[in-house]
Amino acid sequence: MSAVIRYSLMRVLVFLGVLCLLWLAGLRGEGNRLLLFALSLLVSMGVSFFVLRPFREDMSAKIAAKVEARSRRLEERRADEAEQE
């Protein structure tokens, strides 16, 4: 599974977990739906920032490695084309 997909799924699961906890805590009414979702977003953002840090760093390292590999291949192609001219 891709690191980006794994991290995204974990973020969604954290959000759903916080949403369920807040719902169980009493934010169930019709008038509280917006508050429930807003609080869930804010709390899950904070939880994800600290709890999912290793996964975020892994994801960004893999992305950086892919970008570096593409840049290296592009430079190699340019060097090969310059030699052929």
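Read-outs throughout are calculated quantities, based only on the coordinates presented, and are distinct from any laboratory measurement. Just so you know, these numbers come straight off a predicted model, no measurement behind them. So basically every Cβ, Gly included, is an ideal-geometry build from the backbone, and we count neighbours across all protein chains shown.
Scanning the stretch 1-46 for residues that are loosely packed, with under 12 Cβ neighbours inside 10 Å and of a type in the set (Ser, Thr, Tyr) gives a single hit, SER2.
ARG56 passes every criterion in (1) in contact with a Phe, Trp or Tyr (Cβ under 8 Å, 6 or more places away or on another chain); (2) surrounded by fewer than 10 Cβ atoms within 10 Å (Cβ to Cβ) apart from (2). Selection of first residues in the stretch 15-32 that are touching a residue at least 60 places away in the same chain (Cβ under 8 Å) and of second residues that are in a loop (DSSP other than H, G, I, E, B), restricted to Cβ pairs under 9 Å at least 6 apart or on distinct chains, gives an empty result. Scanning the stretch 28-65 for residues that are basic (Lys, Arg) and either outside any helix (DSSP H, G or I) or farther than 18 Å from VAL18 by Cα (or both) turns up ARG28, ARG56, LYS62.
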